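The values are calculated or read from the model by the stated rules, or taken from the named source; none is laboratory data. Small disclaimer: the values here were computed from a predicted structure and weren't measured. Every residue, glycine as well, gets a Cβ built from its backbone with ideal geometry; the counts of neighbours run over all protein chains shown. These accessible areas exclude ligands, DNA and RNA; they are computed on the full protein's heavy atoms, side chains included. Shrake-Rupley method; radii C 1.70, N 1.55, O 1.52, S 1.80 Å.
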4 protein chains.
Amino acid sequence: MKTFEIQGFGFDALKLVDRPQPQPRAGEVLIKLRALSLNFRDLLILKGQYNPKMKLPRVPVSDGEGEVVAIGDGVSRFAVGDRVVGIFTQTWLDGEPTREKARVSLGSDIDGLAAEFVALNAEGLLPVPAHLSDEEAATLPCAAVTAWNALVHQAMLKAGETVLLLGTGGVSLFALQFASLLGAKSIVTSSSDEKLARAKHLGAAEGINYRETPEWDKRVLELTEGRGVDHIVEVGGAGTLTKSLRAIRIGGSISYIGVLSGAGDVNPMPIIMKSVRVCGVFVGSRAMFEEMNRAIALHRLKPVVDRVFEFAELPSALRYMESGAHFGKIVVRV
Amino acid sequence: MKTFEIQGFGFDALKLVDRPQPQPRAGEVLIKLRALSLNFRDLLILKGQYNPKMKLPRVPVSDGEGEVVAIGDGVSRFAVGDRVVGIFTQTWLDGEPTREKARVSLGSDIDGLAAEFVALNAEGLLPVPAHLSDEEAATLPCAAVTAWNALVHQAMLKAGETVLLLGTGGVSLFALQFASLLGAKSIVTSSSDEKLARAKHLGAAEGINYRETPEWDKRVLELTEGRGVDHIVEVGGAGTLTKSLRAIRIGGSISYIGVLSGAGDVNPMPIIMKSVRVCGVFVGSRAMFEEMNRAIALHRLKPVVDRVFEFAELPSALRYMESGAHFGKIVVRV
Amino acid sequence: MKTFEIQGFGFDALKLVDRPQPQPRAGEVLIKLRALSLNFRDLLILKGQYNPKMKLPRVPVSDGEGEVVAIGDGVSRFAVGDRVVGIFTQTWLDGEPTREKARVSLGSDIDGLAAEFVALNAEGLLPVPAHLSDEEAATLPCAAVTAWNALVHQAMLKAGETVLLLGTGGVSLFALQFASLLGAKSIVTSSSDEKLARAKHLGAAEGINYRETPEWDKRVLELTEGRGVDHIVEVGGAGTLTKSLRAIRIGGSISYIGVLSGAGDVNPMPIIMKSVRVCGVFVGSRAMFEEMNRAIALHRLKPVVDRVFEFAELPSALRYMESGAHFGKIVVRV
Amino acid sequence: MKTFEIQGFGFDALKLVDRPQPQPRAGEVLIKLRALSLNFRDLLILKGQYNPKMKLPRVPVSDGEGEVVAIGDGVSRFAVGDRVVGIFTQTWLDGEPTREKARVSLGSDIDGLAAEFVALNAEGLLPVPAHLSDEEAATLPCAAVTAWNALVHQAMLKAGETVLLLGTGGVSLFALQFASLLGAKSIVTSSSDEKLARAKHLGAAEGINYRETPEWDKRVLELTEGRGVDHIVEVGGAGTLTKSLRAIRIGGSISYIGVLSGAGDVNPMPIIMKSVRVCGVFVGSRAMFEEMNRAIALHRLKPVVDRVFEFAELPSALRYMESGAHFGKIVVRV
């Protein structure tokens, strides 16, 4: 079968190769992949910026959807023909994260899904919400679960509250859609008025162009009568956290997720003075994924797919992600 | 009556002056102060490092205990002769902190308690646990409530868990005593073996001398079989947070309190990768103070008083705090 | 001024009398009432079935809205001309309920609002969401806050979950509207197909006519693939709780509110076997009311007003409530 | 090997028989049992009062400890020679209870541990805290985990709070020991002054002899200055719940566990009027068991073993439990 391999760090060492088709062992199912989706993390992994000590070669890409084509001994969760998605952290099924559960993430700690077939433990899979296409379902494992964990479990967002979303990447757009489901009000930042217009179409109450308004934290305070927002989905990282700490209200919470704006240092004093909670969010558990899927199914929510590439175009898809031109998820059809 | 006034920033501008004795208005009680306790914040305030825009003159010191000597109209919470302590944030009585509740802290936003008499709203006071001396009771409002809020409300510390305490200042020693009450295990750091020995006497399971073991985070990992501690009471601030983020377990929580190690910047990446919760703790509500007092009374817990100064010696007491030689609370008798 | 008085238990002893107009004392505001709304509790109080030891005479009705017409000393929360609603439990402002906070409910422990004027402590009032009429605003204090507390604080309802609502009284219809805001799915019971049709128009996914389907618990299990609902807003009381315990899922929660179906006893065994949480809900705090109003304002949510009576018709309005013919809130214009 | 079988309901149908020794399949370990402990549930099961539709024959007893003597394919959690205890609900490993997780409890849904050998899935076992004897370790799975779940997860008991414990059975004595660890105050009821004296020796602050003081709820109110206790571990069931609802404070919580006092009905009205939370507790998850073991190990806590029977005496041990003469856990050595 065809599979991509990261044979070294950098685009040049991302190779499409042949490997023998895997067979499902006891407890495993064999999946014929149909669609993948990309996350910024996949790009960092390829460049060696995420886990420089990662064992090579490694099959890239954490997010994928496919059809069950064979079943190992003792598997009752799935049958041949089922459409399934992989859990980002294969062993974090339920409860709080621990060292043991956090170890096994797809596309980094173990081989990912950029292949024609993969064999995974049946516990590490979930059925696909029926109303979603293969391409749409492939967008869920990392970005959507991260947004759900951030808003529902960390922020415990209440109807009527206001949440600030930085940019219009995958996590932020899912957070925008979920915030609407949950009855909250969203403020979105972007460098593009066109993207802000699309965000409003998706339910954002306010948009701030941070090119035109570099002090977007002040604008957030104006929009909240000086109070600050209740929650922030912080995908920017060190480059935006200082401003986020100005834009948050006393007693508010920040879901800290991101690396988009690069590494750097931050003065943590406002965390104390404003009694802020900063919650690191590293995707989420299978139980969170399941409850999110129930909400997605109930509301027939559709993920925002920006563009679909063919399997052999995976490198181009990653380059396109690097350009930052996308609005929503980048998908690769297998 | 005699009162101290911060007339300008710096020790030279801390003056003992005469002011007319206040009278209790409707809703207020008049308190004859008996004892004060000092916090590092009082020192920062005096030096202009805490709130450079603070209105002057300002009566310093947030923590004090005294006797009710007169009652304003409509007061039923207290009677003449009651021993009372002031609430640090006079208007944060219950529930979550908000902008409105957080505004009024003693010794900074409004005049503090370094005076012979003070008139305060009856809602901003609590009765003193009966087994405590005046000096002991005066230690509670800032440091003890902060430690209680950190362990009980932010960390939700469970029996059997391990908590790391940085140094042996007021907050850390209360946290040590409370952690024992709650059935948790404590690891304490200090620059002094003698202080570590005293901390063990108070219930610490392990001590780390950070002069001898500058990489104390590695020692914490060794003491926890590589896992890291469940919670950290972070009083150090930017200067220690980087190491604390190495010493915390995946999914652990850090109560972020401190400024002792000075300002600075921190790389926040581990917050994401380890799913850590960093909770800013700015003292706590009256309701937290009440539930803490109930625990203190049940266990006849005694605060650790390092040394008692006379009222006129307040400047010396602050100098002594600055030296860092103390173990526990510094008290001033009025 | 005109006021109603319960001079004895029963409709005959509900009298419209003259009392001197109250004056606001320090901390109070004087309100000219505009609209009242009725709750089933008002009926039970009148009949002596709620609090047989209640001091008489007592002004009835807990829920009311009006205009501030005068201000007592020291009041800064409100100005003359503000539209305000009363808090059901005047002293439960924030945090958890306690004996002290729970003591003072309008229309039972102290005089209620069925009068032309009332003087209340400014802390016991909230501003009216601007988009609501006087009649609509008057419906909020008891029924809406109860529904909000039940779904948001007790059930912590998540998007995608299913909630069962018994009947179409005030609490159940607010719960239906809030469940939609929160992204949940609602199943409603009623004895009337017409009321079920109206409930579906308001957002209910399913309706069960309990006249036609007396074993509505079995129907609920069918509608949830045998699993049971995640939450139940139990307004029926002892008469329905047994069936509710059959209709709830393992690990689910029941907000226990109601007295509509009369007194009686219940076998509590299923609470253990299904790990169910039964949470008594007695209205809620001012902080809950405020956060609810924010959600109501954001979504421009409109309470369901069934019918508006004139002030002198209060007895007829109570009779109409007794008939059970209403759908939503019964309002009295002052 | 020797094993007990419930061949029909009642003591006469409890038979000691021979069965072939089981072999561990993939994922399983083979355990040579060393000690069992009894719960009231085991007695109800034998009599057909717990699950009248239970498939027969069934090996009784949920709680047991033993040594790993063989390992199935793919097992890495344990090695031969490890001492292990079984999880009561074999499939509830983490997170909230669900229908799927709750299905498989030992000694009822599947065969229990009253045998010389048993093969169980490695996921359904935990290592034994090192300081415990085999007999002591065997007491943990049902009673201790129930008490831990009740106090730590349902009640979220805080230091300084007061908890009421009904009687001196296994759950209540573990709750007494855990309440002390957690810094809370305990009030214990019993029909025997001697048992009350022993409970005080274990840490109870107050004892109430309910033979001498049948209105023990009034005595509880006296002991709490009229306020009521913060939490109750309700092992009595319908026969005591009415009084428990009088003894609980406003806003308090009741962990509802018990069946000891037999079936019956209860008037649930006080649940509303006092805003009480009644939480059904059906043992707990493996994650709860693990965190409890950590606390037990830290404090070298010793379970209270009343008496140890030999394996063939299991029927006598159950008779002894039926007599109610015990104080703490009844153990059977295999």
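Only Cα pairs under 8 Å and 6+ residues apart enter the sum, and on that basis the relative contact order of chain D stands at 18 percent. Per atom type, chain B shows carbon and sulfur on 49% of its accessible surface, probed at 1.4 Å.
Near D:K185, the amide H atoms lying under 5 Å from its own belong to D:G160, D:E161, D:T162, D:V163; only residues 5 or more places off or on other chains count, and H is placed 1.01 Å from N. Shown are A:K2, C:K185, whose ranking by accessible area with a 1.4 Å probe and every protein chain present, most to least, is A:K2, C:K185.
Taking a ≥ b ≥ c as the square roots of the eigenvalues of the Cα gyration tensor of the stretch B:114-207, is the shape rounded (a/c under 1.5), prolate (a/b larger than b/c) or oblate? Note, shape of the stretch B:114-207 comes out prolate. Mean separation of Cα pairs under 8 Å and 6 or more residues apart, divided by the residue count, gives the stretch B:144-280 a relative contact order of 20 percent. Taking the Cα centre of the protein assembly as shown as origin and assigning +1 to Lys and Arg Cβ atoms and -1 to Asp and Glu Cβ atoms, the resulting dipole is close to 0 debye.
Residues D:Y50, B:Y256, A:Y210 ordered from highest to lowest accessible area at a 1.4 Å probe: A:Y210, D:Y50, B:Y256.
Compute for chains B and A the buried accessible surface, both sides summed, probe 1.4 Å, and express it in Å² to the nearest 100. Summed over both sides, the interface buries about 2800 Å². Averaged over the residues of peptide A:177-186, the number of Cβ atoms from other protein chains lying within 10 Å of each residue's Cβ is 4. Residue by residue along D:276-287, Cβ atoms of other protein chains within 10 Å of the local Cβ number 6 on average. Indicate the gyration tensor shape class of the stretch A:144-280 (rounded, prolate or oblate), computed on the Cα atoms with a ≥ b ≥ c the square roots of the eigenvalues: a/c under 1.5 is rounded; otherwise a/b larger than b/c is prolate and the rest oblate. In terms of gyration-tensor shape, rounded. Rounded to the nearest 10 square angstrom, D:K274 shows an accessible area of 40 square angstrom against a 1.4 Å probe. What ³J(HN,Hα) values, in whole Hz, does the Karplus curve 6.51 cos²θ - 1.76 cosθ + 1.60 give for the stretch A:118-125 when θ = phi - 60°, with x put for Gly and Pro? Result, rounded to whole Hz: 8, 10, 10, 4, 4, 5, x, 10.
Quick one: angle between helix C:170-181 and the longest Cα principal axis of chain C, in degrees between 0 and 90, rounded to 10, please. Compared with the principal axis, the helix lies near 70 degrees. Counting only DSSP beta bridges whose two residues both lie in the protein assembly as shown, roughly 55 percent are antiparallel.
For A:E96, the solvent-accessible surface computed with a 1.4 Å probe is close to 130 Å², ligands and nucleic acids excluded.
Within chain C, DSSP assigns beta bridges of which about 55% are antiparallel (rounded to the nearest 5). The residues of the stretch C:144-280 have, on average, 32 Å² of accessible surface per residue, using a 1.4 Å probe with all protein chains present. Among the lysines of the stretch B:144-280, pairs at least eight places apart or on separate chains and with Cα atoms under 15 Å apart come to 4. Which positions within the stretch B:143-163 get 40 Å² or more of their accessible surface covered by the other protein chains, compared to the chain by itself, with a 1.4 angstrom probe? SASA drop of 40 Å² or more in the stretch B:143-163: B:K158, B:A159, B:G160. Rounded, prolate or oblate, given the Cα gyration tensor of the protein assembly as shown, with a/c below 1.5 counting as rounded? Since a/c stays below 1.5, the shape of the protein assembly as shown is classed as rounded. Volume of the convex hull of the stretch D:230-293 (Cα atoms only), normalised per residue: 91 Å³. Only aspartates and glutamates eight or more places from C:K302 in sequence, or on another chain, were considered; those with a Cα closer than 19 Å are A:E161, C:D63, C:E65, C:D134, C:E135, C:E136, C:E290, C:E291. Cα axis of helix C:286-298 to longest principal axis of chain C: angle in degrees, 0 to 90, nearest 10? The angle comes out near 80 degrees. Peptide B:88-100 has a mean shielding of 4, counted as Cβ atoms of other protein chains within 10 Å of each residue's Cβ. Each of B:E67, B:E212 has its accessible area taken with a 1.4 Å probe; listed largest first, they run B:E212, B:E67. In the complete set of protein chains, residue-level accessible area for B:W216 is approximately 20 Å², probe 1.4 angstrom. Note on chain D: the C-alpha convex hull projects to 16.1 nm² when averaged across all orientations. Packing here is the average count of other Cβ atoms within 10 Å per residue, and on that basis the peptides C:82-93, A:301-312, highest first, run C:82-93, A:301-312.
When the helix-only estimate is applied to chain A (DSSP H runs of n ≥ 4, each -39,500 (n - 2.57), divided by the residue count), what is the mean residue ellipticity at 222 nm, nearest 500 deg cm²/dmol?
The helix contribution divided over chain A gives -7000 deg cm²/dmol.
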